[in-house]
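The values are calculated or read from the model by the stated rules, or taken from the named source; none is laboratory data. Keep in mind the model is a prediction, meaning the values are calculated, not measured. For neighbour counting, all protein chains shown are included, and Cβ atoms are generated from backbone atoms with ideal geometry for every residue, glycine included. When the accessible area is computed, the model is the full protein with side chains, heavy atoms only, and any ligands, DNA or RNA have been set aside. Shrake-Rupley method; radii C 1.70, N 1.55, O 1.52, S 1.80 Å.
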Amino acid sequence: MAKFILIGSGLAGGLLAAYLGRRGDDVDLYERRADPREGNIIGGRSINLALSTRGIHALEQLDIADEVLQHAIPMRGRMIHDKSGNLHFAPYDVDPNKHINSIGRAALNTTVIEAARRYPNVRVHFNNRCTDVDLTEATAQLETGNGQTRKDPLIPAQGDAVIGVDGAFSAVRQSMQEKLQKFDYDESYLAHGYKELTIPPGPDGSWRMEKNALHIWPRKSFMMIALPNPDGSFTCTLFWEFEGPRSFASTKTDDDVHRFFDEEFPDAVSLMPALLEDFKNNPTGSLVTIRCAPWYYKDKVTLVGDAAHAVVPFYGQGMNAAFEDCVVLDECLAEFPDNRERAFAEYFARRKENADALADLAIDNFIEMRDKTASKTFRAKKKLDHALEAALPGIYLPLYTMVTFTRIPYAEAAQRARRQDSIIYTGLTLVSAIIVALLIHFIA
Ligand SMILES: Cc1cc2nc3c(=O)[nH]c(=O)nc-3n(C[C@H](O)[C@H](O)[C@H](O)COP(=O)(O)OP(=O)(O)OC[C@H]3O[C@@H](n4cnc5c(N)ncnc54)[C@H](O)[C@@H]3O)c2cc1C
């Protein structure tokens, strides 16, 4: 069995440590932050996330899906809020039982770390920040302590391999970038940032909007969404341009904030008593897509989750994809027990095109959510999608269904959706042509 040094105990780090622990590998997991059970966790990340089929499958393999889902709130569709406060509900699937799950990041993170800790061969070390990785020696340099004591000398941690599960701004990936002659790297930022805001629970602890829905206020070039929390609150996220005449940058005074929210989200404002404080105090996050290759170096280093492929959050799939990485890496290690380099290479080959496809899908879905969900045409297309899915079970699957409710690889789902769309388009064109021909025939 091998000794793995894992860097980052975020969502994927904890889960991967549990997978490796189950294999009997020796695992040391180093996290720069303090123990989440001491109350320090989020640090600028979203408070809640949508967990769906791929993520649930990864949790099921370790028998922790039920433990996680008991804290989840099912969301059965999108609740669209127009500017007049009118609501339109669009179910996610033709099958009313299919739903995504709103889940708290902190609770999920704690659960996966606890799952890893059940294996005596897994050790988790908090307040350990990786500053550099020696790729050939599979050694991570670690700065220990909290903010005040970070002057300590660096401590090396050596294993048979180092796995970077340290998120979008990965130090392990940075070492690969600096030290490998051939390492492709691309990062692209959206012009939009995000800010989290809160709708608190009602006086009796109840939800002040429909609980079992993902709420969207689509406003063409920007939008706000809200996901329910178990305590009766909603976490809202405003996705808005950083710069421009109406943007985070141009909204400076309390009046500016009020004016913008009153104009754009009047039905939400009345539910947000702490809007001003939230707006001023909560950070504005950026939205990045990161693509890199290769995700491994010999049998010594590999990358998992956002460290390998950060995507924008509009398909609700970043964590789900990171969890799917853990399943695939575990499968590859099992398939090639005596050849870790081959296992890493296979894992990269199986995941890379899917991660790239997801990155594109996630950007496309931003346009769909912020703009198209408001239109009648979009709602008609969704109804057509669902009608075709019901009429042609197993043959026609809407893209959203394939991505969210199946484990069809992302690249295959995207390709299949393009084929389906072109058949529908050809079919509709043909039907219109026949109607026109018949009309001409009868009129003439
Ligand atoms: C606003 C927003 C909403 C989102 N919503 C969803 C959603 O609904 N559904 C979904 O599936 N995904 C969603 N995502 C994406 C999801 O958050 C990420 O894909 C997921 O967190 C990736 O997990 P990870 O473990 O790879 O990285 P992370 O969760 O970022 O964990 C990385 C860990 O590494 C640690 N670390 C970093 N650097 C070092 C270092 N040098 N040394 C030691 N430790 C280090 C960090 O402290 C952190 O704990 C969303 C993202 C955002 C920004």
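Remark: spin-label model distance N212-I367 equals 3.4 nm, labels positioned 7 Å along the Cα→Cβ axis.
Take every Cα pair under 8 Å whose residues are at least 6 apart in sequence, average their separation, divide by the length of the range 288-389, and the relative contact order is 28 percent. Once the chain from I47 to R350 is taken as fully extended at 0.36 nm per residue, the excess over their C-alpha distance is 106.0 nm. The share of accessible area on the range 4-116 that comes from carbon and sulfur is 46 percent, using a 1.4 angstrom probe. Under the simplified labelling scheme, the A334-D256 pair shows an inter-label distance of 5.5 nm, with each label point 7 Å from Cα along Cα→Cβ. In terms of overall dimensions, the C-alpha atoms belonging to the range 233-289 reach 33, 26, 19 Å along their principal axes, ordered largest to smallest.
Highest mean packing comes first when the peptides 434-444, 220-230 are listed by Cβ atoms within 10 Å, giving 220-230, 434-444.
Distances longer than 25 Å among the Cα atoms of the range 288-444: what percent of all pairs is that? Across the range 288-444, Cα pairs with separations above 25 Å total 45 percent.
Projected onto planes of every orientation and averaged, the convex hull of the alpha-carbon atoms in the chain covers 25.7 nm².
Peptides 192-200, 59-67 ranked from most to least packed give 192-200, 59-67, packing being the mean of other C-beta atoms within 10 angstrom over each peptide's residues.
With protein chains left intact and a 1.4 Å probe, residues in the range 166-258 average 46 Å² of accessible area per residue.
Take the Cα of E187, step 7 Å toward its Cβ, do the same at H88, and the gap between the two points is 3.8 nm.
Between R123 and D360, the FRET efficiency from the beta-carbon distance, with R0 = 30 Å, is close to 0.20.
When DSSP beta bridges are restricted to pairs lying wholly in the chain, around 70% turn out antiparallel.
Of the solvent-accessible surface of the range 167-322, computed with a 1.4 Å probe and all protein chains present, 50% belongs to carbon and sulfur. Taking only protein heavy atoms and a 1.4 Å probe, the accessible area of the range 376-425 is 64% carbon and sulfur. Per residue, the solvent-accessible area of the range 83-127 (1.4 Å probe, heavy atoms of protein chains only, all protein chains present) comes to 46 Å². Note on the chain: with charges restricted to the Cβ of Lys and Arg (+1) and Asp and Glu (-1), its dipole about the Cα centre is near 720 debye.
Between L438 and T284, full extension at 0.36 nm per residue minus the direct alpha carbon distance yields a gain of 49.7 nm. Its relative contact order, with pairs defined as Cα atoms under 8 Å and 6+ residues apart, puts the chain at 19 percent. For the peptides 204-213, 238-247, the ranking by packing is 238-247, 204-213, with the highest mean count of neighbouring Cβ atoms within 10 Å listed first. How large is the helix-only mean residue ellipticity at 222 nm for the chain, computed as the sum of -39500 (n - 2.57) over DSSP H runs with n ≥ 4, divided by its residue count, in deg cm²/dmol to the nearest 500? Here the helix-only value at 222 nm equals -13000 deg cm²/dmol. On the basis of the beta-carbon distance and an R0 of 25 Å, H57 and A34 show a calculated FRET efficiency of 0.25.
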